Amino acid sequence: MRVLDRRGGCYEVREFVCGRDYVWRPGCVVVECDCGRREVFTFLRSVCGCGADHAEVVRRELLAGGLVEEPPWERDYREWLLGGGRRLLRSELCDREEWEEI
């Protein structure tokens, strides 16, 4: 058995008109089994088509990648918390205007 490639997990950011969507893409390992098959394995799938279980190797390779990157929304949240925290959000602004009219 031989490890051919390893890719760590990451977030994929999709932009929409109304905001962003963050999708987690788990890490994977490409392994060439002793039977000759090349397969892509994750933490959840580590058994080759021939029946060989490569769980130990897959876990070791995926954990060797180190810590997972910071989630992409953390920076936006930190900026809002430190800089824009005093600013009213859109829904709060509408509520305030309605209460002032009463």
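Rule-based calculations on the coordinates, nothing more; no lab input. This structure is a prediction, so every number in the text was calculated from the model and none was measured. Here the Cβ is made from the backbone with ideal geometry for all residues, glycine too, and neighbour counts use every protein chain on show.
Summary of values
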read-out: Pairwise FRET efficiency - GLU100 versus ARG60, Cβ, R0 = 41 Å, nearest 0.05; value: 0.10
read-out: Ranked by how many other beta carbons lie within 10 Å on average, peptides 15-25, 29-39 from highest; value: 29-39, 15-25
read-out: Label-reachable residues, the stretch 16-37, where backbone N falls under 17 Å from a point 7 Å from ARG7's Cα toward its Cβ; value: 23-32
read-out: Contact order relative to length of the stretch 1-69, as percent, for alpha carbon pairs under 8 angstrom and 6 or more apart; value: 29 percent
read-out: Debye-sum result for the stretch 1-69 in log10 I(q)/I(0), which assumes one identical scatterer on each alpha carbon, at q = 0.12, 0.24, 0.25 Å⁻¹; value: -0.38, -0.97, -1.03
